[in-house]
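> Sending over a structure as structure tokens; questions will come in a sec.
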Amino acid sequence: MALDAFERTSLPLKRLICLGCGFSYDEALGLPAHGLAPGTRWEDLPDDWVCPDCGTPKSGFEMVVIGYAAGGADLAQHA
Amino acid sequence: MSDTASSQPQIGPRSFVLRAEERGHTLVRSQGPQSSYLAGHPEGFLTRESSFNFHEYQGGRPGFGPMRVFGDETFHGAGCGYNMHRHHNFIICAFVLQGELTHINTAGSRGMVDQLRQGDFYVFSAGSGGKHCELNVGQEELNVIYIWFLPSQLYLPPSFHRGFFDFRNRRNRIEQIVGEADGALPIPNDIRVSRLAADAGGKHVYKPSSPLHGTYVFVIDGGLRCGDTLLGRRDSSGVWGVDEIQCETVADATDALFVEVAMKDDEVVKNWERAHPGR
């Protein structure tokens, strides 16, 4: 279901990990090298989007609540 | 699979039993598009018995605490294995049970080529990114247990450590081999792996760090009575909410792993349990 403008800005930003290889997608960071701007919601990624490293589909990602190591956010954004 | 309770108390004895034949079975051949992933084209193939959901197998538990993969894998034939591929974040442990694992890893400034035999094991924390390749270059079949864990922090510096479990000198007691302990390999999360190689008739007690820690007991060989549950070869049980687990070996040459994890990150698993009452 599409989110309305209020829901988009009020929902916390999610962090997800690929269960095939450990690649991560962080909504706050996006993946600029893959054409995904910071703030791009997981729901707004195309249904046929797959892990750039191992090809795992979106359904094979899990939301995680794990913090970054020092400097980790920058590494995640450019992984 | 059976479960002792259907509600979700954080504390209080909980357990499940997973029999060897209930695990997810996958066979991957090094043919077609899969041959870039799996080495040994054209005849190489690999079989994988998964305790938790992994790749094609999605019919079981999602995991246990931060453990997401427990794969009992057999590489059939010389040349079979996984070609060089990349990981992030996951902590990957391998325990070689039979045959020889040739492991090539990009960790460190020069990377490494390593060969591991029965009793050898490694802990590879992929962290900010690392590649590895795992091959059976010998004629004997290669049997390896692979365990993947989520880390305590994302994008840590990658690390690789290897160890050896001596079956002869570390016998008839539960020996911690991974996690904070003398001589154990370091791992970047609240995780301990112990191993028991024992003769029949021995009584052993495993004490997790707290009742909020779960222990996944996997019988590699032989037989182990765990509380009231008799576990045979490749059977396993997850237990949490207890101060200790009473075990008795019921066969000679019993070999078992005890994987202890913090259950606090278990929301995904709890959601699965709510959707699958009685399992």
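> Count, for each residue of B:82-91, the Cβ atoms from other chains sitting within 10 Å of its Cβ, then give me the mean as a whole number.
Values: counts 0, 0, 0, 4, 7, 7, 10, 12, 7, 1.
For peptide B:82-91, the averaged partner shielding equals 5.
> Just to make sure I understand: if all protein chains stay in place, what is the order of B:Y206, A:Y68 by accessible area at 1.4 Å, largest first?
A:Y68, B:Y206
> Based on Cα positions only, what radius of gyration and what Dmax would you give for the stretch B:54-117, in angstroms?
13.9, 40
> Where the eigenvalues come from the Cα gyration tensor of chain A, what are the semi-axes √(5λ) of the equivalent ellipsoid, largest first, in whole Å? Walk me through the numbers before you get to the answer.
Working: eigenvalues 72, 51, 29 Å².
Value: 19, 16, 12 Å, ordered largest first.
> In addition: Let me check against my output: what whole-number percent is the relative contact order of chain A, with C-alpha pairs under 8 Å and at least 6 apart?
Once divided by the residue count of chain A, the mean separation gives 33 percent.
> Taking every alpha carbon pair in the protein assembly as shown, what does the distance histogram look like in 10 angstrom bins from 0, in percent?
Histogram of Cα-Cα distances, whole percents per bin: 5, 24, 34, 26, 10, 2, 0.
> In addition: Would you mind estimating how fast the stretch B:156-237 diffuses translationally, via Stokes-Einstein at 25 °C and 0.890 mPa s with the Kirkwood radius over Cα pairs, in µm²/s?
Using the Kirkwood radius from Cα pairs, D works out to 172 µm²/s.
> Could you work out, residue by residue across B:125-137, how many beta carbons of other chains sit within 10 Å of that residue's beta carbon, and then give the average as an integer? Intermediate values should be presented prior to the final figure.
Numbers: counts 0, 3, 4, 8, 5, 1, 0, 0, 0, 0, 0, 0, 0.
Mean shielding count: 2.
> Quick one, what does Rg over Rh come out to for the stretch B:1-141 if you take C-alpha atoms and the Kirkwood Rh?
Taking Rg over the Kirkwood Rh, I get 1.01.
> Over chain B, consider all pairs of different Cα atoms and compute the Kirkwood hydrodynamic radius from their mean reciprocal separation; express it in Å, one decimal. Don't skip to the end; give the middle numbers.
Values: mean 1/r = 0.0523 Å⁻¹.
The answer is 19.1 Å.
> Here is a follow-up. Peptide A:25-32: average number of partner chain Cβ atoms within 10 Å per residue?
Taking all residues of A:25-32 together, the mean is 0.
> Which value in Å is the Kirkwood Rh of the stretch B:135-279 over different Cα pairs?
That comes to 16.6 Å for the stretch B:135-279.
> Given a 1.4 Å probe, show me the residues in the stretch B:38-79 buried by at least 30 Å² of accessible surface when comparing the whole protein assembly to the chain alone.
Checking the loss per residue gives B:H55, B:R68.
> Can you flag which of A:K58/B:K270; A:K58/B:K207; B:K131/B:K270; B:K203/B:K270 are past 29 Å Cα-Cα?
Violating the 29 Å Cα-Cα cut-off are A:K58/B:K207; B:K131/B:K270; B:K203/B:K270.
> Counting only other residues whose beta carbon sits under 12 Å from that of B:G129, what net charge do I get with K and R as +1, D and E as -1?
Within the 12 Å Cβ shell, the charges total +1.
> Keeping all protein chains in the complex and leaving out DNA, RNA and ligands, what accessible area do you get for B:K131 with a 1.4 Å probe, in Å² to the nearest 10?
90
The values are calculated or read from the model by the stated rules, or taken from the named source; none is laboratory data. Values in this document were obtained by computation on a predicted structure and should not be read as measured data. Because the Cβ atoms are built from the backbone with ideal geometry, glycine has one as well, and the counts that use them run over all protein chains shown. These accessible areas exclude ligands, DNA and RNA; they are computed on the full protein's heavy atoms, side chains included. Shrake-Rupley method; radii C 1.70, N 1.55, O 1.52, S 1.80 Å.
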